[in-house]
1. Can C:LEU262 be described as without any contact (Cβ under 8 Å) to a residue 60 or more places away in the chain and either buried (at least 24 other Cβ atoms within 10 Å of the Cβ) or outside the structural domain of C:PHE156 (by TED's automatic domain parsing) (or both)?
2. With (1) more than 7 Å from every other protein chain (Cβ to nearest Cβ); (2) under 30 Å from B:PHE187 (Cβ atoms) as the list, and B:VAL146 as the residue in question, which single condition is left unmet?
3. So, C:GLY354, is that one closer than 13 Å to C:ASN145 by Cα and of a type in the set (Gly, Ala, Ser) or not?
4. Among the residues in the range B:257-267, are any within 10 Å of chain A (Cβ to nearest Cβ), in contact (Cβ under 8 Å) with a residue 12 or more places away in the chain and either part of a loop (DSSP other than H, G, I, E, B) or under 19 Å from the mean Cα position of the chain (by Cα) (or both)?
5. Can you tell me which residue within the range B:107-128, out of those that are within 23 Å of the chain's Cα centre (by Cα), part of a helix (DSSP H, G or I) and hydrophobic (A, V, I, L, M, F, W, C), is nearest to C:GLU42 (Cα to Cα)?
6. Is it true that B:ARG90 is at pLDDT below 85, of a type in the set (D, E, K, R) and not in a helix (DSSP H, G or I)?
7. In the range B:178-219, how many residues are farther than 20 Å from B:LEU27 by Cβ, surrounded by fewer than 20 Cβ atoms within 10 Å (Cβ to Cβ) and not small (Gly, Ala, Ser)?
8. Hey, could you check the range B:96-124 for residues that are more than 8 Å from chain A (Cβ to nearest Cβ) and among the hydrophobic types (A, V, I, L, M, F, W, C) and say which is nearest to A:ILE296 (Cα to Cα)?
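The values are calculated or read from the model by the stated rules, or taken from the named source; none is laboratory data. Every value quoted in this text rests on a predicted model; they were computed, and no experiment measured them. For neighbour counting, all protein chains shown are included, and Cβ atoms are generated from backbone atoms with ideal geometry for every residue, glycine included.
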Amino acid sequence: MQGLSINPWRGVPQTAIAAIIVVGVAMLAPAQGYYLNILMQASTYAIAVVGLVVVLGYCGQISIAQAAFFGIGAYGVALGTVDYGMNFFVAMLIAVVFAGVCGLILGLGSLRLGGHYLAMISISFQQILTLVLTNWIPFTHGPDGVRNIPRPRFFGISLEGGNAFLALCLVVMVLVALFAWRLKATKLGRAMQAVRDNDLAAATSGIDVFGTKVIAFGISAVLGAIGGGLFAGGFGYISPDQFSFAESIVLLTMALLGGVQSPFGALIGTMLLVILPETLRFLKQVYLAVYGAAVILIMVFLADGLWGFVDERLRKRARPIAGAVPRLPLLDQTGTDSDDKILVVDKLAKHFGGLKAVDEVSLAVRRGSVHALIGPNGSGKTTFINVVTGLYVATGGTISFAGRDITKLSPHERNRGGLARTFQNIRVFRGLTVLENVMIGAERQGNDVADSPDRVLARALAALEFVDMRGDAHRMIGELSYGHQRYVEIARALAGSPDVLLLDEPAAGLNMTEKVALGELLKRLKGHGLTILIVDHDMKLVEQVADHITVLNFGKRIADGTPGMVLSHPDVIAAYLGEPRNEAA
Amino acid sequence: MTNFLQLLFNGLGIGAIYALVSLGFVLLIRAASVVNFGQGEFSMLGAYLLVIFFNIFGINYYLGMALSVVIMAGFGVIFAYTTYWPLRFRGGLPVIISTIGASIFLENMVLVLYGPSSVAIDGLFESDGFEIGGVFLATQYLAIIVIATILVVFQYLVFEKTLLGKKLQATSQDKEMASLLGIPVVFMILITFAYSSAMGGLAGMLVAPLLFVSVNMAGIIALKAFAANIIGGYGSIPGAILGGLALGVIETMGASYISVPYKDAFAFAMLLAFLMVRPQGMFGEKISEKA
Amino acid sequence: MILTRRAALVTAAVTPFAIGRARAADTLKIGVIAPLTGVVAEPGRIQLNSLRLAAAKINAAGGVMGKPVELLVEDDASSNPGAVLAFSRLAQNQDIVGFIGSIRSTVMNAMAPDMLKLGKPVMFGGTDPTLTHQGNPWLFRCRPNDSYSARVIADFCVNSLKLKKVALVHSTDAFGTGGKNALLPNLAKMGVEPVLVQGYANNQPDFTPVVQAVKQSGADVLTSYFTNEPDCAIFARQLRQLGVRTPWVGSPSVQSPVTRGLAKNALYGTYAVADFVEDSNPQALSFANDYRAAHKESPDSGWTYDGLMILTKAITDAKSTDPTKIRAAILAIKKYAGTEGEYNFDANGDGLHGYNIVVNNNDKIEYKQHIEFTD
């Protein structure tokens, strides 16, 4: 375990140094004027842009309303201090909480909707907010805006001077950047990235996809409002047109230009886009056209922004983590086949319109056994697994797991209960390293190590050791071959110490050598008594490992029993050889 | 009562504009799964082309329209190659953002070339309109309603009844599979962009006499057309027109009977309500689940 | 090689500095914040042309206190943050003695705190009345503010046209709301309660609900504060299509060349208040002729021209570039004949106190009358 613990102070010394430097910069800037204003603008915008990094970069949810949250923060501070005589920070707190709530509500929109719908929801929110700021004159002062917004005192230190207030803005910016940077490597941060990369795999790895999105929206809104509150104090005057749809687009572009995967990218992008228009003034009108073209070029040539370019080079220097780790708890068990039925499916049905993809199928998986579900293509095997893991809602029937009815539970709740799976078409988190992929499996709620980041790390390494991939832990998963990605997917499931592992056609897409190795791996798992429900039509693999076989055809169960019994069943032979089915069957 | 009828007619007129712009969206959504935030700029460009042909070169109005439609179709292909093609394998979000970039680029290029002032242009007919029972019927609105209806029927027939339509649909649903079936996927996608751009341009030319021609003439309209599309049913052709008409009537009525300054809010509030309660829209299919 | 490069760098670093110092002694520097890019770039261009015309005229006459006037222009990018940055950049230049600000009130509001801190005179054109009433002694307005346009509209409707059933249509942006807030009390003073006060949001494709509201209100005179010209034109056309023929007295956008070009005959016969009208006084006519000679188009405003003229006159009068002395000299200016009318600066810094009324006679803008207030 030594040498494997995660440093809790990671980044803090650097942040402290950065904070000292920025305070110095702020103090040395001219007391008023151009540099002060430009730094004030850049730092407050940057805070809001870091919010976009969280929601868009980490969680992959588009939000075109960041200027609205920025505006809520600014108006909260402005109205609170000017009209209601509140303390600056109290007003800001109220605004931030309100923005957070709005962000959560916006996040609720992501319950069933993604992509363009979410873009539209956020645009609508943005437009409505602009209309309210403009038209609710008794409360917001309307289009004239709010002026003479005071700056606060902070524990006896006056922040009324431009330098002192700029120092506050810059320090907050540094802290926010540290927060976002560290968030990325936490359980929540990994969950967000998992949701971004593959929401189905995230859900079946125990991540509450919806909740994670809502939290990401909330954090993003809060950061937007903090930036806006400081902006109001910094400039002393705000009006609705500063928080319009167009500004949201500007903030979005800042995030994309710098690199939406990292707060450092946000800082770079913001600085560039605040300073660029100033330095590119000679381009006059063409500037905005150049800017539009740049957005396209960035998307095409710099998918991860400027920072992404740097980050890729930094990552090349990464090395595997050394140090021994305790082996998987599973390996300390020995296989015992019992009569205890851990997963019982009763008359399960799934209809798509008129098509009965799964038609009243029942089966029972015994603890410690390897149960195979086979059938020709299109027989409903994958649909069955999807219903059992909660990706599809059952049309009828019940599923009980370890004595509990899980028919109505969501996928992540089923996973947290101990049901893990892999997918026919590998579903891994492409934006993450091999190790991070497996850590997501290890930190599923309910796992024995979930509460300790150090032990999660050790468990993930152990799972990788088990599939003989520890040497690749630091690599991006996309760099691996298909077969190796399959192992990582299995390691992810194993790291969560599941009670039952569902393997959906694990041999699909593997070459002969890899198939043999997979067979060996399955035998090892079986030897340690892991309960497995395997779907495949590779009979060779199934015959090697299965204790029990259920056969589906056209969504119906046509046979169920021991391998010898099932494989000699005439209906099964007919189904597999493609002969016309017996009318009576 | 005449007040109500007048509001109803003009609401339908403005709704037909939304529907018309929306039709350009629908096709791109259906065939290429692309949400094009530059759709409004297609309309703006189309209107400027007509201004160039008719106001400046003095070419016959209808010939000018035809020429503009052809040029816009070509422009759609260029748009596809620059904005969509390099990003086609990277999912929806990068394409959305790149179309936003394209929209900023186009708006500002036209601004540089043409300046910010609005330009007036003649309508399809000499007469502005006529009155029946105290209700003024503007001819341009009538024309837009009729043309939008014809185009909806046309687009519906092409999509549902012709081989080309089937190929386009297949391309939209699964590009790999379509390609295996021998459908020229690249060609299909380019056709879609060309058609969508031409449609957008046509819509711009039809609304230009009403809204005048300016750089940002279509910005808010495109946004509302997209809203109309979601309300009607995302990617549904009948949904596009009914969503557009419903939106036009509701915001006109809402403005008149509730509040004019909040007029734009009705559209977006209606959209939010639909998204939260019935995201598949009036005519949409259930959002598909796929594992 | 290294030596040459260093030498070049040193020269590059020193030269602008040296030139800056050398020229500083030679010219009288005026800072200008103008929209060169963005949505209001077009009026910005005309304002800048007018300023250059004024500067050329002053310099041809020997400059100010023996020095030629030099304009240092910064782009506000048509936005508030842009303006704040533009102003702060100019504010760094110690040699600037005064500024020409913006015609947009929100932009002025955004820059006002920094202007107060800097403490140098700013001539501006934004017409939000409160700008000169917030205790900022450095703001001097070279256009009549909206309270006067409102008073003139009210006065013209009630006293000249003798119509009292007034409907008001206004944009809900800063300009339109400011106009509404100024008009209502002036009407109230004359005992008139408007039959309709209708706001709308900018950039509407259709004005049917607003027109129907006007039609149903039974108004016999329509007043308006439209910000955007296309909005005004669409409204005008629909107003006429839906059969409203009442007299219309509007804010300047009703008679702007752009609106007339768009709305054509729908605006015939309408009245508008206008701060700048070519045939309203000889100064305006002479300025307009000079402008046409230089730029082949007619100016739509003369406030920046007047602003620079007044600022330099004040410096000449004060015989000093000390801000406090310039301020005193500006406030002392009375009965100065400018292109926008007769300037009589009051203690708040408002130079003009009246408006012209013009009428659209078959697309020709005719000067009708000037209404001046002394209180």
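1. On the way: without any contact (Cβ under 8 Å) to a residue 60 or more places away in the chain: yes; either buried (at least 24 other Cβ atoms within 10 Å of the Cβ) or outside the structural domain of C:PHE156 (by TED's automatic domain parsing) (or both): yes.
When the stated conditions are applied, C:LEU262 passes them.
2. (2)
3. Working: closer than 13 Å to C:ASN145 by Cα: yes; of a type in the set (Gly, Ala, Ser): yes.
Yes; evaluated as a whole, the condition is true for this residue.
4. yes
5. Within the range B:107-128, the match that is nearest to C:GLU42 (Cα to Cα) is B:LEU111.
6. Judged against the criteria, B:ARG90 is a match.
7. 3
8. Looking only at the range B:96-124, we keep the residues that are more than 8 Å from chain A (Cβ to nearest Cβ), and these are B:99, B:110, B:113-124.
Next, only the ones that are among the hydrophobic types (A, V, I, L, M, F, W, C) stay: B:110, B:113, B:119-121, B:124.
On the way: B:VAL110: 18, B:LEU113: 21, B:VAL119: 29, B:ALA120: 32, B:ILE121: 33, B:LEU124: 37 Å.
Result: B:VAL110.
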